[in-house]
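Read through the structure below, which is laid out as structure tokens, and then see the notes.
The values are calculated or read from the model by the stated rules, or taken from the named source; none is laboratory data. Treat the numbers as computed from the prediction; the structure is a model and nothing was measured. Counting neighbours? That spans all protein chains shown, and the Cβs are built from the backbone with ideal geometry, glycine included. Ligands, DNA and RNA are excluded from the accessible area calculation, which covers all protein heavy atoms including side chains. Shrake-Rupley method; radii C 1.70, N 1.55, O 1.52, S 1.80 Å.
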Amino acid sequence: MKIEFFSSIAGVAETFPILNAKDCIPDWVSVARAEYIKSDKKDIHIFKCPGIVDILTTGFVVTAWHDVEIIPKQDAVNVTIPDGKLNDLLGKEAVQIQSPNGVAKHIPKRPWSHKAIVKINTPWHVWSKCKLLMIPMPYTDYFDFESTSGILDPGVANEINIQGYWNTNTSIIKAGTPLCQIIPLTEKQYTMLCRDANARDKMWLKKREFFNNFAFILQRQKLKQAYDKEIGR
């Protein structure tokens with residue numbers, strides 16, 4: 001089974017591609033491994049934990065595709081990106097803030113997190129025959145931004161946008177920072193392809209715009225049928 005990620009903005013796949021998780025292991029793992037190798041290997045050691053190793057090496061990692069400065073205020077969050085052209089390229093705001101009194105109102109927050117939710121929109125879309133689990137970066141040493149969890153059903157919405165908690169004061173998320181992990185919900189073997197959008201992808205995005213907007217209530221079944229037909233070609 002092939003899982004294909006494509007970017008609607010040329011150059012992102014080359015500069016800040018979606019990575020295989022096994023190629024994005026946090027630095028502390030190599031330190032733990034070196035310690036384990038030097039030990040007598042009889043004692044309990046974190047490097048021997050299969051659950052941690054498996055989650056760190058399963059699926060894919062989505063990284064920030066541009067710099068962004070996050071400036072939290074008491075009841076709001078201000079956002080600064082390098083150039084407004086990024087919004088034009090994406091066709092919408094590259095970073096949106098879900099208001100504490102709106103979409104983010106009922107989402108539980110850590111005591112130290114801002115009440116608003118930061119939504120990082122990306123140019124990434126996915127072709128996948130299985131649903132995908134989106135989780136925060138596991139066992140990371142980066143805590144400024146922590147993504148929320150959710151299941152991505154590509155048949156309903158195949159764009160990859162990352163909502164998350166802001167846990168610090170003013171800070172910059174640098175381009176290339178790992179933001180979330182995507183785990184395919186399947187036992188089948190799969191391969192991953194990461195590329196710029198081709199003509200077929202662009203036509204699908206135009207079709208999806210119609211399916212998303214022709215009715216007052218999203219017609220999920222028709223959208224899924226169109227997606228399944230397209231991915232089955």
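For this structure, a couple of remarks:
- With at most 15 other Cβ atoms within 10 Å, longest stretch of the chain clear of loop GluC sites (Glu not before Pro) (DSSP): 94-186
- The chain, relative contact order in percent, only Cα pairs under 8 angstrom and at least six apart counted: 29 percent
- Counting 0.36 nm for each residue step from K131 to S99 and taking away their Cα separation leaves a gain of 8.7 nm.
- The stretch 123-192 versus the stretch 1-64: alpha-carbon centroid distance in Å: 14 Å
- The chain: DSSP helices with Cα axial extent of at least 15 Å and average Kyte-Doolittle hydropathy no lower than -1.0: 27-38
- Top of I135, I70, I25 by mean-square fluctuation, Gaussian network on the chain, Cα under 10 Å: I25
- Average Cα contact separation per residue, the stretch 66-168, under 8 Å, 6 or more apart, as relative contact order %: 24 percent
- With 26 Å as the limit on Cα-Cα distance, the pairs of K92/K224; K73/K105; K105/K224; K22/K129 that go past it are K105/K224.
- q = 0.11, 0.17 Å⁻¹: log10 I(q)/I(0) that the Debye formula gives for the stretch 92-182, counting C-alpha atoms only: -0.32, -0.78
- Overall dimensions of the chain, expressed as equivalent-ellipsoid semi-axes from the Cα gyration tensor (√(5λ), whole Å, largest first), are 31, 25, 17.
- Each other residue within a Cβ distance under 15 Å of K105 adds +1 if Lys or Arg and -1 if Asp or Glu, for a net charge of +2.
- Mean ellipticity per residue at 222 nm, deg cm²/dmol - from DSSP H runs of n ≥ 4 across the chain, formula -39500 (n - 2.57): -7000 deg cm²/dmol
- Per residue, the accessible area of the chain comes to 57 Å² when a 1.4 Å probe rolls over the protein heavy atoms.
- Residue among P100, P111, P178 with the largest mean-square fluctuation in a Gaussian network model of the chain, springs linking Cα atoms under 10 Å: P111
- Listed residues N158, G84, T63: farthest to the positive end of the dipole of the chain (Cβ charges): N158
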